[in-house]
1. If a residue must be surrounded by fewer than 18 Cβ atoms within 10 Å (Cβ to Cβ) and touching a residue at least 40 places away in the same chain (Cβ under 8 Å), how many such residues does the range 151-168 contain?
2. Name the residues in the range 170-188 that are in a helix (DSSP H, G or I) and under 21 Å from THR69 (Cβ atoms), would you?
3. Looking at the range 77-99, I want the residues that are over 24 Å from LEU53 (Cβ atoms) and in the same structural domain as LYS160 (by TED's automatic domain parsing) and have a partner that is in a strand (DSSP E or B) and at pLDDT 95 or above with Cβ atoms under 6 Å, at least 6 apart or on another chain. Which pairs are those?
4. Is it true that some residue in the range 187-198 is touching a Ser or Thr at 6+ places or on another chain (Cβ under 7 Å), surrounded by 19 or more Cβ atoms within 10 Å (Cβ to Cβ) and at pLDDT 95 or above?
5. Within the range 84-101, track down each residue that is aliphatic (A, V, I, L, M) and either surrounded by fewer than 19 Cβ atoms within 10 Å (Cβ to Cβ) or not in a helix (DSSP H, G or I) (or both).
6. Quick one: count up the residues across the range 118-131 that are surrounded by 23 or more Cβ atoms within 10 Å (Cβ to Cβ) and not polar (S, T, N, Q).
7. Test LYS183 against the stated conditions and say whether it is at positive phi and under 23 Å from the mean Cα position of the chain (by Cα).
Amino acid sequence: MRSPRSSARADASAAPEQLDLLWTPPVIGLLAGVDEAGRGPLAGPVVAAAVILDDLQPIAGLNDSKKLTARARERLFDEIRAKALCCCIAEASVEEIDQLNILHATMLAMKRAVDGLRLKPALVQVDGNRVPPHLGVAAQAIVKGDAKVQAISAASILAKVHRDRLCDALHARYPHHGFESHKGYPTPEHLAALGEHGVTPAHRRSFAPVRLALAEGRVAVPVDSAVSMNVLSTAAADGLSLA
(Lines give C-alpha, C1' and ligand atoms only; values in the text may rest on other atoms or scores of the structure.)
Protein backbone atom coordinates (compact mmCIF):
# COMPACT_ATOMS: atom_id res chain seq x y z
CA MET A 1 0.00 0.00 0.00
CA ARG A 2 1.39 3.43 -0.97
CA SER A 3 1.96 6.02 1.71
CA PRO A 4 -0.04 9.28 1.59
CA ARG A 5 3.18 11.11 0.69
CA SER A 6 3.96 8.83 -2.27
CA SER A 7 0.34 9.13 -3.42
CA ALA A 8 0.61 12.90 -3.29
CA ARG A 9 3.80 12.78 -5.36
CA ALA A 10 2.10 10.55 -7.93
CA ASP A 11 -0.90 12.86 -8.13
CA ALA A 12 1.35 15.90 -8.55
CA SER A 13 3.31 14.28 -11.34
CA ALA A 14 0.08 13.38 -13.13
CA ALA A 15 -1.37 16.87 -12.85
CA PRO A 16 0.28 18.39 -15.95
CA GLU A 17 -1.25 15.67 -18.14
CA GLN A 18 -4.70 16.65 -16.90
CA LEU A 19 -4.38 20.36 -17.71
CA ASP A 20 -5.43 19.82 -21.31
CA LEU A 21 -8.58 17.94 -20.40
CA LEU A 22 -11.69 20.02 -20.91
CA TRP A 23 -14.95 19.32 -19.13
CA THR A 24 -18.02 21.05 -20.47
CA PRO A 25 -21.35 20.77 -18.65
CA PRO A 26 -24.16 19.17 -20.64
CA VAL A 27 -25.83 21.58 -23.04
CA ILE A 28 -29.54 21.33 -23.78
CA GLY A 29 -29.70 22.34 -27.41
CA LEU A 30 -27.17 22.86 -30.16
CA LEU A 31 -23.51 23.77 -29.66
CA ALA A 32 -21.66 25.90 -32.20
CA GLY A 33 -17.89 26.13 -32.47
CA VAL A 34 -16.29 29.35 -33.74
CA ASP A 35 -12.75 30.15 -34.86
CA GLU A 36 -10.93 32.62 -37.08
CA ALA A 37 -8.08 32.71 -39.57
CA GLY A 38 -5.98 35.65 -40.64
CA ARG A 39 -5.40 37.97 -37.70
CA GLY A 40 -1.66 38.21 -38.27
CA PRO A 41 -1.28 38.71 -42.04
CA LEU A 42 -0.54 42.04 -43.69
CA ALA A 43 -3.15 41.48 -46.39
CA GLY A 44 -6.59 40.07 -47.00
CA PRO A 45 -9.68 39.86 -44.82
CA VAL A 46 -9.93 38.16 -41.47
CA VAL A 47 -12.15 35.10 -41.81
CA ALA A 48 -14.33 33.40 -39.20
CA ALA A 49 -16.40 30.25 -39.31
CA ALA A 50 -19.16 28.84 -37.11
CA VAL A 51 -20.08 25.16 -37.18
CA ILE A 52 -22.78 23.03 -35.57
CA LEU A 53 -21.79 19.39 -35.95
CA ASP A 54 -24.17 16.46 -36.27
CA ASP A 55 -23.60 13.87 -33.53
CA LEU A 56 -25.05 11.22 -35.83
CA GLN A 57 -22.41 11.90 -38.50
CA PRO A 58 -19.02 11.96 -36.76
CA ILE A 59 -16.00 13.30 -38.63
CA ALA A 60 -12.68 11.58 -38.04
CA GLY A 61 -9.45 13.56 -37.92
CA LEU A 62 -10.71 16.93 -36.69
CA ASN A 63 -7.95 18.99 -35.08
CA ASP A 64 -6.48 22.46 -34.93
CA SER A 65 -6.14 23.41 -38.61
CA LYS A 66 -2.52 24.47 -38.08
CA LYS A 67 -1.64 20.88 -37.11
CA LEU A 68 -3.07 19.42 -40.32
CA THR A 69 -1.56 19.20 -43.77
CA ALA A 70 -3.09 21.24 -46.58
CA ARG A 71 -4.40 18.05 -48.17
CA ALA A 72 -6.05 16.95 -44.92
CA ARG A 73 -7.64 20.38 -44.46
CA GLU A 74 -9.07 20.31 -47.98
CA ARG A 75 -10.54 16.84 -47.44
CA LEU A 76 -12.02 17.78 -44.08
CA PHE A 77 -13.38 21.05 -45.48
CA ASP A 78 -15.60 19.12 -47.88
CA GLU A 79 -16.58 16.56 -45.24
CA ILE A 80 -17.52 19.23 -42.71
CA ARG A 81 -19.68 21.00 -45.26
CA ALA A 82 -21.38 17.72 -46.15
CA LYS A 83 -21.98 16.42 -42.62
CA ALA A 84 -22.46 19.44 -40.34
CA LEU A 85 -25.98 20.39 -39.35
CA CYS A 86 -25.10 23.88 -40.52
CA CYS A 87 -22.09 26.13 -40.90
CA CYS A 88 -21.26 29.63 -42.02
CA ILE A 89 -18.08 31.34 -43.17
CA ALA A 90 -17.87 35.12 -42.90
CA GLU A 91 -15.29 37.87 -43.26
CA ALA A 92 -14.36 41.32 -42.10
CA SER A 93 -12.82 43.23 -44.98
CA VAL A 94 -9.46 44.95 -45.21
CA GLU A 95 -11.27 48.29 -44.96
CA GLU A 96 -13.04 47.17 -41.78
CA ILE A 97 -9.76 45.97 -40.30
CA ASP A 98 -8.18 49.37 -40.97
CA GLN A 99 -11.18 51.23 -39.55
CA LEU A 100 -11.88 49.09 -36.47
CA ASN A 101 -8.48 47.45 -35.75
CA ILE A 102 -7.82 43.74 -36.16
CA LEU A 103 -9.31 42.65 -32.82
CA HIS A 104 -12.67 44.32 -33.35
CA ALA A 105 -12.76 43.22 -36.99
CA THR A 106 -12.18 39.64 -35.85
CA MET A 107 -15.05 39.88 -33.37
CA LEU A 108 -17.23 41.28 -36.17
CA ALA A 109 -16.39 38.39 -38.50
CA MET A 110 -17.17 35.89 -35.73
CA LYS A 111 -20.51 37.53 -35.01
CA ARG A 112 -21.37 37.44 -38.72
CA ALA A 113 -20.55 33.74 -38.82
CA VAL A 114 -22.80 32.97 -35.84
CA ASP A 115 -25.58 35.19 -37.18
CA GLY A 116 -25.37 33.36 -40.50
CA LEU A 117 -26.11 29.93 -39.05
CA ARG A 118 -29.38 28.43 -40.24
CA LEU A 119 -29.99 26.96 -36.77
CA LYS A 120 -29.72 28.91 -33.52
CA PRO A 121 -27.28 27.34 -31.05
CA ALA A 122 -27.88 27.17 -27.31
CA LEU A 123 -24.17 27.72 -26.66
CA VAL A 124 -21.34 29.17 -28.73
CA GLN A 125 -17.79 28.07 -27.89
CA VAL A 126 -15.07 30.34 -29.27
CA ASP A 127 -11.38 29.61 -29.63
CA GLY A 128 -9.29 32.06 -27.60
CA ASN A 129 -9.77 34.14 -24.48
CA ARG A 130 -12.71 36.36 -25.43
CA VAL A 131 -16.07 36.12 -27.12
CA PRO A 132 -17.70 38.53 -29.59
CA PRO A 133 -20.18 40.95 -28.00
CA HIS A 134 -23.91 40.97 -28.74
CA LEU A 135 -24.17 37.37 -29.95
CA GLY A 136 -27.62 36.96 -28.46
CA VAL A 137 -26.76 33.47 -27.14
CA ALA A 138 -24.66 32.07 -24.31
CA ALA A 139 -20.97 32.03 -25.22
CA GLN A 140 -17.78 30.59 -23.76
CA ALA A 141 -14.16 31.35 -24.66
CA ILE A 142 -11.81 28.35 -24.63
CA VAL A 143 -8.06 28.85 -24.90
CA LYS A 144 -6.67 26.40 -27.47
CA GLY A 145 -10.23 25.32 -28.10
CA ASP A 146 -9.38 24.33 -31.67
CA ALA A 147 -7.47 21.36 -30.24
CA LYS A 148 -10.05 20.53 -27.55
CA VAL A 149 -13.54 20.97 -29.01
CA GLN A 150 -14.45 19.27 -32.27
CA ALA A 151 -16.86 21.98 -33.40
CA ILE A 152 -14.14 24.61 -32.93
CA SER A 153 -11.66 22.39 -34.79
CA ALA A 154 -14.13 22.17 -37.66
CA ALA A 155 -14.57 25.95 -37.65
CA SER A 156 -10.80 26.47 -37.71
CA ILE A 157 -10.52 24.23 -40.78
CA LEU A 158 -13.30 26.02 -42.68
CA ALA A 159 -11.84 29.44 -41.90
CA LYS A 160 -8.28 28.43 -42.80
CA VAL A 161 -9.15 26.76 -46.12
CA HIS A 162 -11.44 29.60 -47.15
CA ARG A 163 -8.79 32.21 -46.46
CA ASP A 164 -6.04 30.21 -48.16
CA ARG A 165 -8.20 30.05 -51.28
CA LEU A 166 -8.64 33.81 -51.19
CA CYS A 167 -4.87 34.21 -51.08
CA ASP A 168 -4.45 31.79 -53.99
CA ALA A 169 -6.83 33.95 -56.02
CA LEU A 170 -4.95 37.07 -54.97
CA HIS A 171 -1.72 35.43 -56.12
CA ALA A 172 -3.14 35.21 -59.64
CA ARG A 173 -3.54 38.97 -59.71
CA TYR A 174 -0.27 39.86 -57.98
CA PRO A 175 2.04 36.90 -58.71
CA HIS A 176 5.21 38.76 -57.71
CA HIS A 177 4.03 39.13 -54.11
CA GLY A 178 4.01 35.40 -53.33
CA PHE A 179 0.55 35.25 -51.73
CA GLU A 180 0.24 31.61 -52.74
CA SER A 181 3.06 30.67 -50.36
CA HIS A 182 3.01 33.13 -47.45
CA LYS A 183 -0.80 33.70 -47.41
CA GLY A 184 -0.29 37.33 -46.49
CA TYR A 185 1.81 36.74 -43.37
CA PRO A 186 4.82 39.04 -42.81
CA THR A 187 7.50 36.61 -43.96
CA PRO A 188 10.84 37.89 -45.27
CA GLU A 189 9.61 37.04 -48.77
CA HIS A 190 6.47 39.13 -48.30
CA LEU A 191 8.32 42.09 -46.80
CA ALA A 192 10.79 42.04 -49.67
CA ALA A 193 7.92 41.94 -52.18
CA LEU A 194 6.33 44.97 -50.52
CA GLY A 195 9.55 46.90 -50.96
CA GLU A 196 10.09 45.80 -54.55
CA HIS A 197 6.57 45.55 -55.97
CA GLY A 198 4.52 47.80 -53.71
CA VAL A 199 1.24 47.75 -51.80
CA THR A 200 -1.86 46.11 -53.29
CA PRO A 201 -5.49 47.08 -52.55
CA ALA A 202 -5.70 43.90 -50.45
CA HIS A 203 -3.02 45.10 -48.01
CA ARG A 204 -3.98 46.37 -44.56
CA ARG A 205 -2.89 49.98 -44.47
CA SER A 206 -3.05 50.16 -40.68
CA PHE A 207 -0.24 47.59 -40.36
CA ALA A 208 3.24 49.10 -39.95
CA PRO A 209 5.13 47.44 -42.85
CA VAL A 210 2.35 48.45 -45.24
CA ARG A 211 2.30 52.03 -43.94
CA LEU A 212 6.05 52.22 -44.46
CA ALA A 213 5.82 50.98 -48.05
CA LEU A 214 3.05 53.49 -48.79
CA ALA A 215 5.10 56.31 -47.27
CA GLU A 216 7.82 55.40 -49.75
CA GLY A 217 5.33 55.60 -52.62
CA ARG A 218 5.35 51.89 -53.40
CA VAL A 219 2.05 50.84 -55.03
CA ALA A 220 1.54 47.58 -56.91
CA VAL A 221 0.07 47.24 -60.39
CA PRO A 222 -2.33 44.30 -60.92
CA VAL A 223 -1.91 41.90 -63.82
CA ASP A 224 -5.63 41.20 -64.34
CA SER A 225 -9.10 42.30 -63.27
CA ALA A 226 -9.95 43.02 -59.66
CA VAL A 227 -10.17 40.19 -57.15
CA SER A 228 -13.00 40.83 -54.73
CA MET A 229 -12.11 40.39 -51.09
CA ASN A 230 -15.53 40.98 -49.52
CA VAL A 231 -17.69 38.30 -48.00
CA LEU A 232 -20.68 38.54 -50.32
CA SER A 233 -18.94 38.34 -53.68
CA THR A 234 -16.50 35.67 -52.53
CA ALA A 235 -19.26 33.54 -51.07
CA ALA A 236 -21.39 33.87 -54.18
CA ALA A 237 -18.51 32.95 -56.48
CA ASP A 238 -17.16 29.98 -54.53
CA GLY A 239 -20.17 28.80 -52.54
CA LEU A 240 -18.13 28.86 -49.35
CA SER A 241 -20.51 30.61 -46.95
CA LEU A 242 -23.10 28.18 -45.74
CA ALA A 243 -26.14 28.70 -43.57
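The values are calculated or read from the model by the stated rules, or taken from the named source; none is laboratory data. This one's a predicted model, so the numbers in the text were calculated from it and none came from an experiment. Backbone-built Cβ (ideal geometry, glycine too); neighbour counts: all protein chains shown.
1. Counting residues in the range 151-168 that are surrounded by fewer than 18 Cβ atoms within 10 Å (Cβ to Cβ) and touching a residue at least 40 places away in the same chain (Cβ under 8 Å) gives 1.
2. Start the filter on the range 170-188 by keeping residues that are in a helix (DSSP H, G or I), which leaves 170-173, 175-177, 179-182, 188.
Scanning the range 170-188 gives HIS171, PHE179, GLU180, SER181, HIS182.
3. So the pair list comes out as ALA92/VAL46.
4. no
5. Once the filter is applied, which keeps residues that are aliphatic (A, V, I, L, M) and either surrounded by fewer than 19 Cβ atoms within 10 Å (Cβ to Cβ) or not in a helix (DSSP H, G or I) (or both), the range 84-101 yields ALA84, LEU85, ILE89, ALA90, ALA92, LEU100.
6. Number satisfying all stated conditions: 4.
7. Details: at positive phi: yes; under 23 Å from the mean Cα position of the chain (by Cα): yes.
Taking the combined requirement at face value, the residue satisfies it.
Let's see how each residue does on (1) outside any loop (DSSP other than H, G, I, E, B); (2) farther than 17 Å from CYS167 by Cβ:
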| residue | (1), (2) |
| --- | --- |
| GLY40 | no, no |
| ALA50 | yes, yes |
| ASP55 | no, yes |
| PRO58 | no, yes |
| LEU62 | no, yes |
| LEU76 | yes, yes |
| ALA82 | yes, yes |
